[in-house]
Structure formats: structure tokens, C-alpha cells
Amino acid sequence: MGYHGPPGGYRVFKCLSCGHQFTVPYGIPRPMQCPKCGAPTIMRVDKGKGRGRGKRWGMRGFKQAKW
């Protein structure tokens, strides 16, 4: 198994339909719908705290040409 964030940590999601915010522990898959209204329009609101690739992904070894 890989790294799933801090031990005991949570991810925060928000429903775009009803505005309900809820937490999901690391290691549990991303929910497919809001637990309150059942809408499939949810997004993560605590971005930047997970194990994402960041903005430097794909830029390794890249050297800018000197003119």
C-alpha cells in the first residue's frame, strides 16, 4: 500500500448543489455523491494538503533554451 496522507487525517468535500461539507478519512475512496442530498456534484475543498503531484510535474530535466 502507498502513502495515504497523515495518520488519522481527513479530506474535506463540499456539495455544489446543497452546500453540505463533510469529511472522509484518508484511505477511503472519494465519495461519488453527497451523503445529504445524493447529488453527484461534489468537490474537494482542502486542496494542497494531499499527495498530489503539484505544479512541477512533468518539468524534470527541462532546460530553458538560452537565446
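The values are calculated or read from the model by the stated rules, or taken from the named source; none is laboratory data. All of these numbers come straight from a predicted model, not from anything done at the bench. Ideal geometry is used to build each Cβ from the backbone, glycine not excepted, and the neighbour counts take in all protein chains shown. All accessible areas refer to the heavy atoms of the entire protein, side chains included, with ligands and DNA or RNA removed. Shrake-Rupley method; radii C 1.70, N 1.55, O 1.52, S 1.80 Å.
Consider residue 47 carefully, then state whether it is open to solvent by 100 Å² or more (accessible area, probe 1.4 Å) and either at pLDDT below 90 or in a strand (DSSP E or B) (or both). Criteria met by residue 47. Selection of first residues in the range 26-43 that are under 11 Å from residue 11 (Cα atoms) and open to solvent by less than 90 Å² (accessible area, probe 1.4 Å) and of second residues that are at pLDDT 90 or above and aromatic (Phe, Trp, Tyr), restricted to Cβ pairs under 6 Å at least 6 apart or on distinct chains, gives an empty result. Selection of the range 7-20 for residues being in a loop (DSSP other than H, G, I, E, B) and either modelled with pLDDT of 90 or more or open to solvent by less than 60 Å² (accessible area, probe 1.4 Å) (or both) yields 9, 16, 17, 18, 19, 20.
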